[in-house]
Amino acid sequence: MSAVIPKGGTGKSTMLRALASVALHRGYSVTLIDGDRRQNMSRWFQMLGDAGNRPDSLQLVSAMTPQEIVEAAVRHNSERSVVLIDTEGTTNDNLMAGLYAADIVVVPIYFALDDVTAAIQVTDHYIPLAVESRGRPLPTVFVLTKQTIIDGRARALTELRAIIQANGTPVAEHMLHNRVAYRDLQTGQTLYTPTEPDAKAIAESEGVFDDVLKTFIEATRHVA
Ligand SMILES: Nc1ncnc2c1ncn2[C@@H]1O[C@H](COP(=O)(O)OP(=O)(O)O)[C@@H](O)[C@H]1O
Ligand SMILES: [Mg+2]
């Protein structure tokens, strides 16, 4: 399984770290493909190692070119393995390679007009391009991130919700809330390694992981 989250600043890398945490905890071998020139995933991998929190089943590939991204995704895609492709928050060839190589695309949605329209640009424009060039469908799922209590209640967000619904892309049942535990994924920790892990963050991340898997399996069944 590969995943791509092609919008920056919305918590894309953080979500992938949470999903990587869940996958490792469940006994998958995980490959992180860092397709972001800022190399934030590579830094996390390094920090996990320094802190003694890096399982042997975690691998990292620093991919600087579209070819490297696609090759790494193919090479690391096997049974009981999860390949997570992190891309930059800009539209470039690495982003397209991430889409081209993916089995499912996870688009994080942060409740702001700019981020919602960016997500829709992905589903309406870039994904069709990727589907055409590789000749097979590309299931996509939206995941709400950095959610606050305010987001759940604000009336102004009704309109954004309507835009998301009209788009037709499935929205994961579970969402990631705004939590300190996710901020701490910028240190040498996974969701499970702190002395007092955040049970809520773990539960919702496991829920998102299952939702993504479910969308993937359903989409595969439709094709078959
Ligand atoms: N669910 C969350 N709760 C709290 N903070 C978050 C959450 N997701 C992301 N952040 C914070 O938001 C910032 C941007 O997140 P990041 O994952 O680096 O975004 P991107 O990879 O899309 O650029 C970081 O400071 C990160 O710690
Ligand atoms: Mg990032």
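Residues are listed down the side, and each one gets a yes or a no for (1) free of Cβ contacts under 8 Å to residues at least 60 places away in the same chain; (2) of a type in the set (A, V, I, L, M); (3) under 19 Å from His177 (Cβ atoms):
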| position | (1), (2), (3) |
| --- | --- |
| Thr14 | no, no, yes |
| Ala20 | no, yes, yes |
| Leu32 | yes, yes, no |
| Arg37 | yes, no, no |
| Met41 | yes, yes, no |
| Met47 | no, yes, no |
| Leu58 | yes, yes, no |
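Just the residues that are open to solvent by 40 Å² or more (accessible area, probe 1.4 Å) and modelled with pLDDT of 95 or more, please, taken from the stretch 46-64.
Across the stretch 46-64, the qualifying residues are Gln46, Met47, Asp50, Ala51, Gly52, Arg54, Pro55, Asp56, Ser57, Gln59, Leu60, Ser62.
Could you list all residues from the stretch 12-35 that are of a type outside the set (A, V, I, L, M, F, W, C) and either within 9 Å of the chain's Cα centre (by Cα) or open to solvent by less than 10 Å² (accessible area, probe 1.4 Å) (or both)?
Hits for the stretch 12-35 are Lys12, Ser13, Thr14, Arg17, Ser21, Thr31, Asp34, Gly35.
Based on this model, can you work out whether Val4 counts as within 11 Å of the chain's Cα centre (by Cα), within 16 Å of ligand 1 (Cβ to nearest atom) and either open to solvent by less than 50 Å² (accessible area, probe 1.4 Å) or of a type in the set (Lys, Arg) (or both)?
So Val4 fits the description; yes.
Restricting the search to the stretch 79-119, which residues are closer than 18 Å to Gly9 by Cα, surrounded by 19 or more Cβ atoms within 10 Å (Cβ to Cβ) and among the hydroxyl-bearing types (Ser, Thr, Tyr)?
Thr87, Tyr110
Quick one: what pairs do we get from the stretch 137-150, first residue touching a residue at least 60 places away in the same chain (Cβ under 8 Å), second within 16 Å of ligand 2 (Cβ to nearest atom) and among the small types (Gly, Ala, Ser), C-beta under 7 Å, 6+ apart or different chains?
Partner pairs satisfying both residue conditions: Thr145/Gly11; Lys146/Gly11.
Tell me the residue from Arg161, Arg183, Arg221, Arg155 that is open to solvent by 60 Å² or more (accessible area, probe 1.4 Å), not hydrophobic (A, V, I, L, M, F, W, C) and not in a helix (DSSP H, G or I), please.
Arg155
Criterion first (of a type in the set (Gly, Ala, Ser) and within 16 Å of ligand 1 (Cβ to nearest atom)) does Ala18 satisfy it?
Yes.
If Gly52 satisfies all but one of (1) more than 13 Å from ligand 1 (Cβ to nearest atom); (2) of a type outside the set (Val, Ile, Thr); (3) in a helix (DSSP H, G or I), what's the number of the condition it fails?
Gly52 satisfies all of (1) more than 13 Å from ligand 1 (Cβ to nearest atom); (2) of a type outside the set (Val, Ile, Thr); (3) in a helix (DSSP H, G or I) except (3).
Is one or more of the residues making up the stretch 189-209 assigned to a loop (DSSP other than H, G, I, E, B), farther than 21 Å from Asp124 by Cβ and open to solvent by less than 20 Å² (accessible area, probe 1.4 Å)?
Scanning the stretch 189-209, I find at least one residue that is assigned to a loop (DSSP other than H, G, I, E, B), farther than 21 Å from Asp124 by Cβ and open to solvent by less than 20 Å² (accessible area, probe 1.4 Å), so the answer is yes.
What about Glu173, is it of a type in the set (Asp, Glu), at pLDDT 95 or above and assigned to a loop (DSSP other than H, G, I, E, B)?
yes
Take the conditions over 16 Å from the mean Cα position of the chain (by Cα), more than 9 Å from ligand 1 (Cβ to nearest atom), of a type in the set (D, E, K, R) and modelled with pLDDT of 90 or more and apply them to Arg38. Does it pass?
So Arg38 fails the test.
The values are calculated or read from the model by the stated rules, or taken from the named source; none is laboratory data. Quick caveat: nothing in here was measured; it's all calculated off a predicted structure. Using ideal geometry, Cβ is built from the backbone for each residue, glycine included, and neighbour counts are taken over all protein chains shown. Please note that ligands, DNA and RNA were not included when accessible areas were found on the heavy atoms of the full protein model with its side chains. Shrake-Rupley method; radii C 1.70, N 1.55, O 1.52, S 1.80 Å.
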